[in-house]
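Enquirer: Take this structure, written in structure tokens, and hold onto it; I'll ask about it next.
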Amino acid sequence: MLEVEIKARCNDLDAVKHSIIDMGGQYISTEEEDDSYFNHPARDFGSTDEALRIRKAYTAYYLTYKGPKLGGKTKTRFEKEVQIYDAQAMQEILQKLGFILYGRVQKKREVYLLNEITICCDYVKDLGTFVELEMINNNREEAEKRLFALADKLGLSDFITTSYLEMVKGG
């Protein structure tokens, strides 16, 4: 499966949240996420456009691999995630294997669901506020069409394909 995602800067998250609810969307949760990103010992994930992270979301932890972006107007890539139960041990394992702690992204995220589209209203420490719209789908073109149509209805237009990590690192 592919993760197809668009992201836009947003100066009025409250207006977006009200629009989501008015369109029949449902509030799912509020999460605080703390992501630690690692770089590979033998290849530069910045150059290969891959990512490996440990995410803390309240009391749960996840190890996520993201493959290179597939290009286009969206941020589409292969993604695989597993829950882990000891983030410190996982970090130690990665570091013993030569992985290097590369960066950290902290955010508060409100999650909504509307017509199979996950909408994340994010406040990212040191970066500001953003809205991400995401679908898991093997039909990239169909997903892109649906995501951009919803973004238009939400009044989003300042799209970016840069990851939060790239922005934090100044890239």
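Enquirer: Measure nothing fancy, just the Cα-based angle from helix 140-153's long axis to the longest principal axis of the chain, in degrees from 0 to 90, nearest 10.
Expert: 50 degrees
Enquirer: Moving on to the next point. Just grab the label-to-label distance for ARG104 and ILE28, each label 7 Å out from Cα along the Cβ direction, in nm (one decimal).
Expert: 2.6 nm
Enquirer: Another one. Can you compute the charge dipole magnitude of the chain about its Cα centre, using +1 on each Lys and Arg Cβ and -1 on each Asp and Glu Cβ, nothing else charged? Give it in debye, rounded to the nearest 20.
Expert: With Lys and Arg at +1 and Asp and Glu at -1, about 360 debye.
Enquirer: Can you pull out the trypsin sites (Lys or Arg not before Pro) in segment 5-91 whose DSSP state is coil and whose Cβ has at most 12 other Cβ atoms within 10 Å? Can you show the working numbers first?
Expert: Details: sites: LYS7, ARG9, LYS17, ARG43, ARG53, ARG55, LYS56, LYS66, LYS69, LYS73, LYS75, ARG77, LYS80; in loops: ARG43, LYS69, LYS73.
Loop-located and lightly packed - ARG43, LYS73.
Enquirer: Summing -39500 (n - 2.57) over the DSSP H runs of n ≥ 4 in the chain and dividing by its residue number, what mean residue ellipticity at 222 nm do you reach, to the nearest 500 deg cm²/dmol? Walk me through the numbers on the way to the answer.
Expert: Working: 5 runs with 43 residues, N = 171.
Computed mean residue ellipticity for the chain: -7000 deg cm²/dmol.
Enquirer: Same structure again: Using only the alpha-carbon atoms of the chain as identical scatterers, what base-10 log of I(q)/I(0) does the Debye formula give at q = 0.10, 0.17, 0.20 Å⁻¹?
Expert: Debye intensities relative to I(0), on a log10 scale: -0.38, -1.12, -1.49.
Enquirer: Return the equivalent ellipsoid semi-axes of segment 75-171 as a descending list in whole Å, where each equals the square root of 5 times an eigenvalue of the C-alpha gyration tensor.
Expert: Values: eigenvalues 165, 60, 35 Å².
Over the Cα atoms of segment 75-171, the semi-axes work out to 29, 17, 13 Å.
Enquirer: Just want the answer: with Cβ charges of +1 for Lys and Arg and -1 for Asp and Glu, which residue in SER47, LEU150, VAL82 is farthest toward the dipole's positive end in segment 2-168?
Expert: Of the candidates, SER47 comes out farthest on the positive side.
Enquirer: Where in the chain lies the longest segment free of chymotrypsin sites (Phe, Trp or Tyr not before Pro) that are both loop residues by DSSP (not H, G, I, E, B) and have at most 16 other Cβ atoms within 10 Å? Numbers along the way, then the final one.
Expert: Details: sites that count: TYR58, TYR85.
My reading of the result: 86-171 is the longest stretch.
Enquirer: Okay, moving on. Explain nothing, just compute: Karplus ³J(HN,Hα) = 6.51 cos²θ - 1.76 cosθ + 1.60, θ = phi - 60°, for every residue of segment 124-139 in order, whole Hz, x for Gly and Pro.
Expert: 10, 3, 6, 10, x, 10, 8, 10, 10, 10, 9, 9, 9, 6, 8, 9
Enquirer: Ok, one more. So how tilted is helix 13-22 from the main axis of the chain? Cα-based, degrees 0 to 90, rounded to 10.
Expert: The two axes meet at around 60 degrees.
Enquirer: Further, regarding this structure: Mind checking the full-extension length gain between ILE136 and THR48? Use 0.36 nm per residue of separation minus the Cα-Cα distance, one decimal, nm.
Expert: Working: separation 88, 0.36 × 88 = 31.68 nm, distance 2.23 nm.
Taking ILE136 through THR48 to full extension adds about 29.5 nm, to one decimal.
Read-outs: derived from the displayed coordinates by stated rules, not from any lab. Treat the numbers as computed from the prediction; the structure is a model and nothing was measured. Cβ: placed from backbone, ideal geometry, glycine included. Neighbour counts: every protein chain shown.
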